[in-house]
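Contents: one structure, followed by commentary.
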Amino acid sequence: MQPGISDDVVLDLANQEEAILLTSDKDFGELVFRLRRIASGVVLIRLAGLSIISKVEIIANAINQHNAELLGAFTVITPTAIRIRRLEN
């Protein structure tokens with residue numbers, strides 16, 4: 001993807017590929033919940049201040065443990081919790 005493309009385009013591309021979107025941009029929550037945009041799945045990564053290695057470990061563990069639940073859901077990963085909310089499309 002090209003840098004600077006709009007969040008709408010990013011979400012559309014992920015949906016076309018039936019891919020789960022991994023992001024640290026909270027604006028996708030607004031698109032999905034307030035604007036009711038359809039999403040194949042979004043994982044919001046909230047791991048500021050951690051090392052890259054710690055982030056990778058937390059994200060990989062979350063995906064491995066919850067992979068069946070991520071499609072069709074809005075998931076938030078923090079250092080201490082994983083919240084998964086099913087999307088109603």
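The values are calculated or read from the model by the stated rules, or taken from the named source; none is laboratory data. Since the structure is predicted, the reported quantities are computational estimates derived from the model, not experimental observations. Quick reminder, even Gly has a Cβ in these numbers, built from the backbone with ideal geometry, and neighbours come from all protein chains shown.
Can you find a residue in the range 32-46 that is outside any loop (DSSP other than H, G, I, E, B), loosely packed, with under 10 Cβ neighbours inside 10 Å and either in contact (Cβ under 8 Å) with a residue 40 or more places away in the chain or not aliphatic (A, V, I, L, M) (or both)? So that I can check it myself, show each step before the final result.
Keep residues of the range 32-46 that are outside any loop (DSSP other than H, G, I, E, B), which gives 32-34, 42-45.
Still in the list and also loosely packed, with under 10 Cβ neighbours inside 10 Å: 34.
Checking which are either in contact (Cβ under 8 Å) with a residue 40 or more places away in the chain or not aliphatic (A, V, I, L, M) (or both) leaves us with 34.
There is at least one residue in the range 32-46 that is outside any loop (DSSP other than H, G, I, E, B), loosely packed, with under 10 Cβ neighbours inside 10 Å and either in contact (Cβ under 8 Å) with a residue 40 or more places away in the chain or not aliphatic (A, V, I, L, M) (or both).
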Conditions (1) in a helix (DSSP H, G or I); (2) in contact with a Lys or Arg (Cβ under 8 Å, 6 or more places away or on another chain); (3) under 19 Å from ARG85 (Cα atoms) -> ASP8 fails only (3)
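Please count how many residues of the range 50-68 are exposed (fewer than 15 other Cβ atoms within 10 Å of the Cβ) and either of a type in the set (Phe, Trp, Tyr) or at pLDDT 95 or above (or both).
Within the range 50-68, the first condition is being exposed (fewer than 15 other Cβ atoms within 10 Å of the Cβ), and the residues that meet it are 50-54, 56-57, 60-61, 64-65, 67-68.
With the extra rule that they be either of a type in the set (Phe, Trp, Tyr) or at pLDDT 95 or above (or both), the set shrinks to 50-54, 56-57, 60-61, 64-65.
Qualifying residue count, the range 50-68: 11.
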When the range 11-31 is checked residue by residue, the ones that are exposed (fewer than 12 other Cβ atoms within 10 Å of the Cβ) and in a loop (DSSP other than H, G, I, E, B) are GLU17, GLU18, LYS26
